[in-house]
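Report on the following structure.
The values are calculated or read from the model by the stated rules, or taken from the named source; none is laboratory data. Computed from a prediction, not measured in an experiment: that's the story for all the values here. Neighbour counts run over all protein chains shown; Cβ positions are idealised from the backbone, glycine included.
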Amino acid sequence: MNTKIKNESGVVLIICLAVLLMLSLIGIASITTSNNDMQIADNEMKATGAFYAAESGLEQAASAIITSYENEGVPPSPLPADTTSEFNYTYGYSVTDDGPAQNAQLNSGAYKGLYGLVKSFTINSVGIDNSNIAGVELEMQIQDALIPIFQFAVFYEYDLEIAPGPDMTLGGRVHTNGDMYLQAGSNLYIDSYLTAAGNIYHGTKPGSGSGTATRDVWIMDDNGVYQTMKNADGTFLDSRDDDWVNESLARWGGRVEDGNHGITPLYMPVVVDGPATDLIDRADGNPDSYENVAGLKFIDGQAYYNTGGDTWVDVTT
């Protein structure tokens, strides 16, 4: 019996072509997916760059406002606004005045507990990449406060040493931009916040020549109760303690803080030019006098009320 062998080479060719077509489609799909992934990554990179460009605008505007308050005590005029293009990105920002300043108590930060004249500004910033693929708009509110220095019982720029002999009570806030040294020959009472940009120590400042006193230093806590710096073993709780931050927070409820807690130097606006006593001197030829912003003043037993501008009316009765 003879068996005929069929020629199936054409079938094999068709199968090979089909497989080749499938592989080509898979390759094309892979290339397309890869291109899409690259495009997505590129878009994400441009969006990130636009975000940082917009953020840069916020920071520049905020810095201009803060610098103006620190140097002049007033906001910049005109308010900051600019458009800048660099590194393939463009950002523009503007500042809006949110209205008149308000007298308010500050509830957080190094100035907490103080009253200040608080003014708010809204900063808007837009960042885009120069190919217009991505754009980001950011908004930030910034507040600046003018804080009268007279809220402090003691405000000192350098290292401060308080070492009374007889009993002494400080009825207001005490701050130094340096280290603080506390001791008492009898008892020292502090009724308000005690802050230092450096450290707070019990004892005398090295090299000051003062003797060492070991009586109590009492500081009022957040509940209005005096708490001593002295520990049960006769030592004193201060910055030299290994757990000073937590121990001081537990004892005084946040009313005794130094650089270890994050307190930084306080820059209080005092006078534009001349001695600090200009603040309490008469207003004649003295732009720093508080008389310029007073609504009521007493001179030689007479009371005068400001009705606007430089007009004063005698309201003595």
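Given the structure, is SER68 part of a helix (DSSP H, G or I) and small (Gly, Ala, Ser)?
Working: part of a helix (DSSP H, G or I): yes; small (Gly, Ala, Ser): yes.
Considered against the rule, which asks whether it is part of a helix (DSSP H, G or I) and small (Gly, Ala, Ser), SER68 comes out as yes.
Any idea which residue in the stretch 172-182 is farthest from TYR156 (Cα to Cα), counting only those that are out of contact with any Pro (no Cβ under 9 Å at 6 or more places or on another chain) and in a loop (DSSP other than H, G, I, E, B)?
Going through the qualifying residues, I end up with GLY172.
In the stretch 139-165, which residues are at pLDDT 85 or above and among the polar types (S, T, N, Q)?
Correct list: GLN141, GLN143.
Between a residue in the stretch 66-77 that is closer than 17 Å to GLN141 by Cα and any residue that is in a loop (DSSP other than H, G, I, E, B) and modelled with pLDDT of 85 or more, which pairs come within a Cβ distance under 7 Å, given they are 6 or more apart or on different chains?
So the pair list comes out as SER68/PRO75; SER68/PRO76; TYR69/PRO75.
Within the stretch 280-317, which residues are under 23 Å from ILE149 (Cα atoms) and among the charged types (D, E, K, R)?
ASP281, ARG282, ASP284, ASP288, GLU291, LYS297
Looking at GLY234, GLY203 in this structure, which one is on the phi > 0 side of the Ramachandran plot and surrounded by 14 or more Cβ atoms within 10 Å (Cβ to Cβ)?
None of the other options fit; the residue is GLY203.
Residues of the stretch 88-103 being free of Cβ contacts under 8 Å to residues at least 24 places away in the same chain and either loosely packed, with under 11 Cβ neighbours inside 10 Å or touching a Gly at 6+ places or on another chain (Cβ under 7 Å) (or both), which ones?
So the first thing to find is which residues in the stretch 88-103 are free of Cβ contacts under 8 Å to residues at least 24 places away in the same chain, and the list is 99-100, 102-103.
The answer is GLY99, PRO100, ASN103.
For the stretch 105-119, does any single residue satisfy the condition of being within 24 Å of VAL256 (Cβ to Cβ), modelled with pLDDT under 85 and assigned to a strand (DSSP E or B)?
Taking every residue of the stretch 105-119 in turn, at least one turns out to be within 24 Å of VAL256 (Cβ to Cβ), modelled with pLDDT under 85 and assigned to a strand (DSSP E or B).
Working only within the stretch 183-216, note down all residues that are without any contact (Cβ under 8 Å) to a residue 40 or more places away in the chain, assigned to a strand (DSSP E or B) and aliphatic (A, V, I, L, M).
Answer for the stretch 183-216, where residues must be without any contact (Cβ under 8 Å) to a residue 40 or more places away in the chain, assigned to a strand (DSSP E or B) and aliphatic (A, V, I, L, M): LEU188, ILE190.
Would you mind stating whether SER208 is surrounded by 14 or more Cβ atoms within 10 Å (Cβ to Cβ) and polar (S, T, N, Q)?
No.
Scan the stretch 175-183 and give yes if some residue there is in contact with a His (Cβ under 8 Å, 6 or more places away or on another chain), surrounded by 14 or more Cβ atoms within 10 Å (Cβ to Cβ) and of a type in the set (S, T, N, Q), otherwise no.
yes
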